[in-house]
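The values are calculated or read from the model by the stated rules, or taken from the named source; none is laboratory data. Note that the structure is predicted; figures quoted are calculated from it, not measured. As a convention, Cβ positions derive from the backbone with ideal geometry for all residues, glycine included, and neighbour counts pool all protein chains shown. Calculation scope for accessible area: heavy atoms of the full protein, side chains included, ligands and nucleic acids excluded. Shrake-Rupley method; radii C 1.70, N 1.55, O 1.52, S 1.80 Å.
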Amino acid sequence: MLKGIIGLLAGAAALAQPAAAQTQDPVLIRTAVLRVDDPGLPPISRLDLPPDDLGFAGARLAIEDNDTTGRFMGQDFEATEVTASPETAGAEMAKLLEDGIEFVVVLADDAVTLELADQVGDQAMLLNARARGDNLRGEDCRFNTIHVAPSRAMLADGLTQFLMWKNWPRWFLIHGSHPDDQAMAEAYRRSAEKFGAQIVEEREYEDTGGARRTDSGHVQVQAQVPVFTQRAAEHDVVMTADEADVFAAYMPYLTWDPRPVAGSAGLVPRSWHPAMEAWGGTQFQNRFESLANRPIREDDYQAWLALRIVGEAATRKQSGDPEVLKEFILSPEFDVAGFKGQALTVRDWDHQVRQPILLTTGVLTTSVSPQDQYLHQTSQLDTLGVDRPETQCQFQEAS
Amino acid sequence: MKHLLSATTGLALLISADAALANRVFVTNERSNDVTVIDGETFEVIGTYPVGNRPRGITISPDGTELYVCASDDNLVRVFDPNTMEELHTLPSGPDPELFVLHPSGNPLFIANEDDNIVTVVDTETHQVLAEVPVGVEPEGMGVSPDGAVVINTSETTNMAHFIDTETFEITANVLVDSRPRFAQYTADGSKLYVTSEIGGTVSVIDPATQQITKKISFEIPGVLPEAIQPVGARVTSDGTKLFVALGPANRVAVVDARTDEVTDYLLVGQRVWQLAFSPDEKWLYTTNGNSNDVSIIDVEANEVVRSVQVGQQPWGVVVAPD
C-alpha cells in the first residue's frame with residue numbers, strides 16, 4: 001500500500017531558493033521506505049504499542065535534512081512510503097523496482113529482509129533498518145544490503161562490555177521459546193565467551209499464550225516469576241532474551257533473588273533512545289518531536305540514518321547517480337555523523353554500519369559502549385559484533 | 001540563605017572593583033543556568049549569577065557595556081549589564097539560539113537557531129529582527145570577517161560553512177567541510193578562515209577570497225583514541241602566529257603555528273574542552289571544560305596551563321570584557 005511521497009514539497013521550496021545560485025533544475029534522488037508489518041501479539045506494555053508512522057517519521061526527518069542541504073547542492077530527495085504484510089512485501093518491492101527506485105530502506109524481520117535482498121539482486125541497494133539477525137551479516141550476507149540496524153552480536157557485546165566493567169560476570173540467562181529469542185540467547189552465549197562472562201544457569205520461558213494484559217494478569221505474574229526464577233545458581237545478573245516480548249518486562253523486581261535484570265528488560269542495549277542528549281542529540285530529539293509529535297523509536301532512528309547515508313553520499317560526491325552513490329557508500333572514504341559522538345562507517349566484510357551501542361533504562365542512557373578499556377587495532381567500534389577474522393560472510397560477485 | 005549571602009558579597013565586590021572592570025571573564029554554565037564571573041587579574045571567582053535557561057553562547061559589546069547570553073531554552077537572547085549582572089532587556093532570537101556573533105561595530109547580532117535551520121539577524125539598538133537567513137541543518141558556528149562584510153555560519157548536519165553577506169543577508173558561497181562543523185574563526189587580517197569539524201576531527205583552512213579549502217589540519221595524540229579528538233572552539237592570536245583549537249573529549253587544546261598551520265603542541269586541560277577566549281592583552285587563554293566543571297587558564301606565550309578555576313555545572317561559552 002502506497003502511503004505517500006515525501007519530499008516533493010521541500011523540493012518546490014528548494015527551487016524557489018535563490019541563494020544557492022543554481023541555474024538548472026535540481027537533481028532528483030529517489031528512495032523508498034518499505035515497512036513490513038508482522039501481525040504479532042501486542043507488546044506487554046501499552047507504552048510500547050507501535051505508532052502508525054513508525055519508521056516513516058524518521059525517514060521524513062531525513063528527507064527534510066537532506067533537502068535542506070540539497071538546496072545548496074542542487075539536489076532534491078524523495079522517499080516513497082510503502083507498508084506491506086510478509087505476504088505482499090515481494091509484490092510491493094517489485095513495484096518499487098519497476099519504478100526505478102535504487103535505494104530502498106527495509107523495515108522487516110530477518111526472514112523477509114533476506115527474501116527481499118534476494119529478490120532485488122543488483123537492481124537496488126537495500127538499507128536494513130530493523131532486522132538484527134547475525135545470519136544476515138554472516139552466512140546469509142548479501143552484497144546489496146547495508147545493515148544500518150545493529151546486529152544481535154553488537155547489541156550483546158555492548159551490554160557484555162558494560163557488565164564486565166561492572167564486574168558482574170555471572171549470568172542467569174532466561175530466553176523465550178521463539179526463534180528470535182533463541183537467536184538473541186545465542187548472541188549472549190557468544191558474547192559471554194568473547195569477554196569472559198559465565199552463563200551459570202540457563203532456562204527457557206515458554207510462551208504458552210497466557211493472559212498478559214488482562215485484569216488479573218499481573219496477579220498471576222507476581223506469583224509466577226518468583227517461582228520461575230527460584231533456585232538458580234549463584235549469579236550477578238538476570239540476562240533476558242525475549243524479542244517476542246512475552247516475559248522479560250515482568251522480570252525486574254519479581255526475580256527470586258534480588259538481582260538486576262538486563263537484555264530485553266532492565267538495562268537494554270539499543271541503537272537509540274529518546275532521552276539521549278549527548279553529542280548534539282538534544283537538537284535531533286527536538287527536531288524529531290516537532291515533526292512527529294511523539295518520542296523517537298529505534299526504527300525511526302535507523303530509517304533516518306539509512307536515508308542520511310544516501311544524502312551524505314550525494315552531498316560528498318555532488319552527484320545523484322545511484323551507481324556513483326552506491327560505490328561511494330561502500331568505499332573506505334565514506335562516513336556519516338549520527339549523533340553518537342564519532343563518525344559512522346560501513347564494515348567492508350559484511351556491510352554492517354559500525355556504531356556505538358546505547359545501554360538504556362526506561363528513562364535514561366546509562367552508558368554507551370564500546371567501554372574505554374576494550375581496545376582494537378583498527379577501530380574500537382570493531383570490539384562490538386563480528387570482526388573481520390571471525391566473519392562467515394562471503395560476498396558473491398554481483399550477479 | 002547562604003546562597004543569597006554569597007551573591008550579595010559578589011555584587012559588593014563587583015561594585016568596589018570598579019577600576020578593574022575590564023579583563024573580567026564571563027562563563028556560561030549550561031546545566032546550572034548561570035554565569036560565573038572570574039577576575040582576570042587574580043583568577044578568583046567574583047560571583048555567580050542566574051541568566052535564564054540553558055545558557056550557551058556569550059559575547060560582549062565592543063565598548064563593554066552590554067553582555068549578550070543565548071538562553072537556548074528560553075528562545076531568546078538576554079542582555080546584561082556586565083558590571084552589575086542585572087538584566088537590561090532581551091532580544092528576539094528565534095528558537096533555540098546556540099551561538100552568535102556580533103558585527104565588529106557592535107550591531108547587528110547574528111544568531112544561529114539550531115532547531116530551525118536559520119540565522120536570525122537582530123538589531124541590538126532597536127531590538128528588531130532584521131532578517132532570517134535560511135541555512136543548512138543545525139546551524140551552530142558563527143564567525144565574522146574583520147571588516148564586518150561577511151558572516152560565516154556552519155551547519156552541523158549539512159556540513160557546510162555558509163558565507164552570508166552582512167549588507168544583503170544573502171548567502172554568497174557554501175563550502176563543504178568535514179562532519180559536524182562547530183566553529184568559524186577568521187585571522188585578524190582576514191586572510192584565512194578556520195572551520196573546526198567535531199566528528200571529522202579536522203580544522204579546514206579556507207581562503208575567504210576564493211572560498212577554497214587550502215589545507216586540512218588533523219590531530220594525533222599518543223594514547224588518545226582518534227575518535228576522542230573532536231575539534232570545537234578555536235581562537236587565533238591577532239598577530240596571526242598561534243591558533244588554539246579545543247579538542248573536546250580529548251581533554252587537550254592543540255597549539256598550531258598559524259603561519260604554517262602545523263600542530264606544534266597539545267596542552268592537557270579539563271574534561272570535554274569546548275570554547276576558548278583570550279584576555280584583551282592575549283596573555284591568557286581561557287577554556288571551558290564541560291565535564292569537569294572548570295575553566296583552564298593557558299599562558300599563551302609559554303604554551304602552559306597555569307591554573308584551573310571551578311565554575312558552575314557544564315561550562316559552555318566564555319567571553320572576556322575588553323579593555
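Can you give me the Rg/Rh ratio for the protein assembly as shown, using Cα atoms for both radii and the Kirkwood formula for Rh? Mind showing how you got there, number by number?
Details: Rg = 27.0 Å, Rh = 27.2 Å.
Ratio of gyration radius to Kirkwood radius: 0.99.
Quick one: net charge of B:ASP178's neighbours, Cβ under 12 Å, K/R +1, D/E -1?
The answer is -1.
Expressed as a whole number of Å, what is the distance separating the alpha-carbon centroids of the range A:344-392 and the range A:147-181?
13
Would you please give the FRET efficiency between B:GLU41 and B:LYS216, computed as 1/(1 + (r/R0)^6) with r the Cβ-Cβ distance and R0 = 45 Å, to the nearest 0.05?
Working: r = 39 Å, r/R0 = 0.86.
With R0 = 45 Å, the Cβ-Cβ based efficiency is 0.70.
Of all the C-alpha pairs in the range A:111-169, what % are more than 13 Å from each other?
Numbers: 1069 of 1711 pairs.
Here the long-distance tail beyond 13 Å is 62 percent of all Cα pairs in the range A:111-169.
Could you give the nm distance between label points at A:GLU87 and B:THR90, where each point is 7 Å from its Cα heading toward the beta carbon?
5.8
Can you return the aspartates and glutamates within cross-link range of B:LYS242? Criterion is Cα-Cα under 12 Å, with same-chain partners fewer than 8 residues away left out.
B:ASP257, B:ASP261, B:GLU262, B:ASP265, B:GLU282, B:GLU301
Bin by bin, in steps of 10 Å, what percent of the Cα pairs in the range A:64-114 do you find, going until the bin that has the longest distance?
21, 42, 25, 11, 0
7 Å from Cα along Cα→Cβ at both B:ASP63 and B:ASP147: what's the point-to-point distance in nm?
Calculated label separation equals 2.6 nm.
Going 7 Å from the Cα of A:ASP257 toward and past its Cβ, which residues in the range A:143-168 have a backbone nitrogen under 19 Å from where you end up?
A:160, A:163-168
What share of Cα pairs, in percent, lie more than 22 angstrom apart in the range B:51-176?
Values: 2123 of 7875 pairs.
When all Cα pairs of the range B:51-176 are counted, 27 percent exceed 22 Å.
Considering only DSSP beta bridges whose two residues both sit in the protein assembly as shown, what percent are antiparallel, to the nearest 5? Before the final figure, lay out the partial values.
Numbers: 119 of 157 bridges.
Among the beta bridges of the protein assembly as shown, antiparallel pairing accounts for roughly 75 percent.
Which whole-number percent gives the relative contact order of chain B, counting Cα pairs below 8 Å spaced six or more residues apart? Before the final figure, lay out the partial values.
Values: 981 pairs, mean separation 40.7, N = 323.
Relative contact order comes out at 13 percent.
Between the range A:46-86 and the range B:46-120, how far is it from one alpha carbon centroid to the other, in angstrom?
34
What's the FRET efficiency of B:SER191 with B:GLU304 using the Cβ-Cβ distance as r and R₀ = 30 Å, to the nearest 0.05?
Working: r = 28 Å, r/R0 = 0.95.
About 0.60, to the nearest 0.05.
If you take every residue apart from A:SER85 with its C-beta less than 10 Å away from the C-beta of A:SER85, what net charge results, scoring Lys and Arg +1 and Asp and Glu -1? Write out the running numbers ahead of the final one.
Details: positive: none; negative: A:ASP37, A:ASP38, A:GLU87, A:GLU92.
Around A:SER85, the surrounding residues sum to -4.
Two decimals, Cα atoms only, Kirkwood Rh: what is Rg/Rh over chain B? Walk me through the intermediate numbers first.
Details: Rg = 18.2 Å, Rh = 19.3 Å.
Value, to two decimals: 0.94.
Output the 0 to 90 degree angle, nearest 10, between the alpha-carbon long axis of helix A:152-165 and the longest principal axis computed from the alpha carbons of chain A.
50
List the trypsin sites (Lys or Arg not before Pro) in the range A:131-201 that DSSP assigns to loop (not H, G, I, E or B) and whose Cβ has at most 15 other Cβ atoms within 10 Å. Which are they?
Working: sites: A:ARG132, A:ARG137, A:ARG142, A:ARG152, A:LYS166, A:ARG170, A:ARG189, A:ARG190, A:LYS194; in loops: A:ARG132, A:ARG142, A:LYS166.
When the trypsin sites (Lys or Arg not before Pro) of the range A:131-201 are filtered for loop state and at most 15 Cβ neighbours within 10 Å, A:LYS166 remain.
Can you tell me the dipole magnitude for the range A:153-270 around its Cα centre, using point charges on the Cβ only (Lys, Arg +1; Asp, Glu -1), in Debye to the nearest 20?
On the way: 11 positive and 17 negative charges, 73 e Å.
Around 360 debye, computed over the range A:153-270.
Please report, in whole Å³, the volume per residue of the convex hull around the C-alpha atoms of the range B:164-307. If you can, show how the numbers build up before the last one.
Details: hull volume 17.0 nm³, N = 144.
It is 118 Å³ per residue.
Could you tell me the convex hull volume per residue, in Å³, taken over the Cα atoms of the range A:153-270?
On the way: hull volume 10.6 nm³, N = 118.
Cα convex hull per residue, to the nearest whole number: 90 Å³.
How would A:LYS95, B:LYS283 rank on accessible area, largest to smallest, probe 1.4 Å?
Values: A:LYS95 125, B:LYS283 100 Å².
Final ranking, largest accessible area leading: A:LYS95, B:LYS283.
Using a 1.4 Å probe, how large is the accessible area of B:LEU99, given in Å² and rounded to the nearest 10?
Probe radius 1.4 Å; accessible area of B:LEU99 about 20 Å².
Around B:GLU125, under 15 Å between beta carbons, what's the net of Lys plus Arg minus Asp minus Glu among the other residues?
Working: positive: none; negative: B:ASP63, B:GLU66, B:ASP123.
My count for the surroundings of B:GLU125 gives -3.
Evaluate E = 1/(1 + (r/R0)^6) for B:VAL224 and B:HIS127, where r is the Cβ-Cβ distance and R0 equals 45 Å; express this FRET efficiency to the nearest 0.05. Show your work: numbers first, answer last.
On the way: r = 45 Å, r/R0 = 1.01.
E(calc), rounded to 0.05, equals 0.50.
Please report, for the Cα atoms of the range A:346-399, the Rg to one decimal and the Dmax as a whole number; what are they, in angstrom?
Computed over the Cα atoms of the range A:346-399, radius of gyration and Dmax are 14.3, 47 Å.
With +1 on each Lys and Arg Cβ and -1 on each Asp and Glu Cβ, how big is the dipole of chain A about its Cα centre, in debye rounded to the nearest 20? If you can, show how the numbers build up before the last one.
Working: 34 positive and 60 negative charges, 234 e Å.
I would put it at about 1120 debye.
Could you grab the relative contact order for chain A? Cα pairs under 8 Å, six or more apart, rounded to a whole percent. Let's see the in-between values first.
Numbers: 769 pairs, mean separation 78.1, N = 399.
After rounding, I find 20 percent.
What Rg and what Dmax come out for the range A:29-127 when only alpha-carbon atoms are used, in angstroms?
Considering the range A:29-127 through its Cα atoms, Rg and Dmax are 14.8, 47 Å.
Using the Cα atoms of chain A to build a convex hull, what is its mean projected area in square nanometres? List each step's numbers first, then the result.
Values: hull surface 78.6 nm².
Quarter of the Cα hull surface area: 19.7 nm².
With the crude spin-label approximation of a point 7 Å out along Cα→Cβ, what separation in nm comes out for A:ARG294 versus B:THR264?
5.8
Tell me the relative contact order for the range A:153-270 as a rounded percent, counting alpha carbon contacts under 8 Å between residues six or more apart. Can you show the working numbers first?
Values: 194 pairs, mean separation 38.2, N = 118.
The normalised contact order for the range A:153-270 reaches 32 percent.
Among bridges DSSP assigns within chain A, what percent are antiparallel (round to 5)?
Values: 14 of 52 bridges.
Taking every DSSP beta bridge with both residues in chain A, the antiparallel ones total about 25 percent.
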